[in-house]
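What follows is a single structure, written as structure tokens, with notes after it.
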Amino acid sequence: MPARPAFSPPDGFRLLPGYFSRAQQEKLIDAVFAAAETGAPFFQPRMPRTGQPLSVTMTNFGPLGWVTDRTKGYRYEPAHPETGQNWPAMPDALMTLWSEVSNYPAPPEACLVNWYRADSRMGLHVDFDEEATDAAVVSVSLGDKARFRIGGPERKGPTASMVLSSGDVVVLGGAARRSYHGVDRIYPGASTLVPGGGRINLTMRRVTIPA
Ligand code: SIN
Ligand code: FE2
């Protein structure tokens with residue numbers, strides 16, 4: 001029987017390995033922990049209705065941040081759910097990254113910061129809470145490696161997987177913007193970048209349609 005051809009990620013998917021140098025990665029991690037020590041500590045997100053905790057903890061940069069809890073579910077909010085403070089501004093390096101790779105005429109509004117521990121995962125999902133679906137999602141991997149999986153528009157369709165390393169950038173634009181994707185696993189202990197260990201993923205999005 002002929003082998004099934006390998007699935008290739010949809011158009012608009014880009015992996016830019018080693019986009020950020022070690023020094024740039026350290027600056028980004030410093031910005032995350034400076035934010036976490038002021039008004040934007042990592043919080044425990046929970047699934048809508050069940051209240052089940054996600055296996056990552058989260059914070060955000062930017063005018064809007066993605067949050068989820070049992071009662072109100074997935075949404076964007078201008079302020080931290082526990083401190084009530086506005087999210088800190090996005091680091092300049094992220095604004096520059098967006099202008100270099102998003103090919104979008106307006107700035108990003110949200111940068112979700114997900115901290116994966118050794119046993120964290122992210123189930124297959126489509127980023128669906130933004131109005132500006134024509135803008136790419138741009139993400140940065142920091143710290144431990146992860147196995148990232150991407151398919152197409154159907155949850156049960158074929159997928160491809162790849163290892164993401166610290167400093168890599170992924171762009172989900174075009175058809176890939178509506179593609180299922182997730183993180184199968186973390187390879188713990190491989191990196192010394194994140195204090196206390198693990199992987200931090202920064203996911204930038206345009207949320208509202210530009211005026
Ligand atoms: C996500 O799509 O929610 C996260 C992707 C990643 O952690 O690389
Ligand atoms: Fe996502």
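The values are calculated or read from the model by the stated rules, or taken from the named source; none is laboratory data. Keep in mind the model is a prediction, meaning the values are calculated, not measured. Using ideal geometry, Cβ is built from the backbone for each residue, glycine included, and neighbour counts are taken over all protein chains shown.
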*Among the residues of region 156-166, is any at pLDDT 95 or above, more than 13 Å from residue 115 (Cα to Cα) and near ligand 1 (Cβ under 10 Å from one of its atoms)?*
yes
*2 or more residues within 14 Å of ligand 2 (Cβ to nearest atom) and within 13 Å of the chain's Cα centre (by Cα): qualifying strands (runs of 3 or more DSSP E) within region 119-174*: 122-125, 137-143, 145-150, 169-172
*Got a number for residues in region 171-211 being within 15 Å of ligand 1 (Cβ to nearest atom) and among the polar types (S, T, N, Q)?*
4
*Restricted to region 175-191, and to residues that are in contact with an Asp or Glu (Cβ under 8 Å, 6 or more places away or on another chain) and outside any strand (DSSP E or B), which residue is nearest to residue 118 (Cα to Cα)?*
188
*Return yes or no: is residue 40 surrounded by 14 or more Cβ atoms within 10 Å (Cβ to Cβ), away from ligand 1 (no atom under 15 Å from the Cβ) and within 25 Å of residue 210 (Cα to Cα)?*
no
_Please go through (1) under 25 Å from residue 174 (Cα atoms); (2) among the hydrophobic types (A, V, I, L, M, F, W, C); (3) away from ligand 2 (no atom under 16 Å from the Cβ) for residue 79 and return the number of the only condition it doesn't satisfy._
(1)
*Would you check if there is a residue in region 118-130 being more than 13 Å from ligand 1 (Cβ to nearest atom) and at pLDDT 95 or above?*
yes
*asked:* Criterion first (crowded, with 23+ Cβ neighbours inside 10 Å and within 16 Å of ligand 2 (Cβ to nearest atom)) does residue 205 satisfy it?
replied: yes
